[in-house]
Amino acid sequence: MRNAPLTDLFTGTTFETNDRNLKLELPAFGARILVPPEDGARLAGAAHAAPGTPESAAPAQAPDAPAARPDQPRAFRPGRYRHFKGNEYEAIGLARHSETLEQLVVYRALYGEGGLWVRPLDMFMEEIERDGKRIARFTYIGE
């Protein structure tokens, strides 16, 4: 049997197999959907063009992707964020609402009891007005 590469539908990353074995790292609460390359393009397009899927449901950029231009929305990436009110959170990853397919950010507080929360991706990444200025609701501060 040939060693066919597999493509991650979430990031587009290709993984090589060795004797039908594959070794890859997966962060806690992470996910990958691996498919043969010939299926990757077909499925990636279908997964993100589902009827009723909001525009916010576009795939998240990989962490090593180039920075967004000022006229583009910021891209989500897992890591530590500071809320505009000052508390810090760890954004674990993205999930989808089971009925609407809306993308949700799964995150936990890095203070108190460390509660687990979800918030719509658009709201997590949006800018808000505070004291007459536009600021990010959550600001990425590192891994």
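Here Trp117 meets the list (1) touching a Phe, Trp or Tyr at 6+ places or on another chain (Cβ under 8 Å); (2) exposed (fewer than 11 other Cβ atoms within 10 Å of the Cβ) almost entirely, failing just condition (2).
Within the range 99-113, which residues are closer than 18 Å to Arg32 by Cα and polar (S, T, N, Q)? Outline the logic, then answer.
Taking the range 99-113 as the starting set, the residues that turn out to be closer than 18 Å to Arg32 by Cα are 101, 103-106.
Scanning the range 99-113 gives a single hit, Gln103.
Each reported figure results from applying straightforward, stated rules to the coordinates on display, with no laboratory input. Owing to the predicted nature of the structure, the values given are computational and were not obtained by experimental measurement. When we count neighbours, we look across all protein chains shown, and the Cβ atoms used for this are built from the backbone with ideal geometry, even at glycine.
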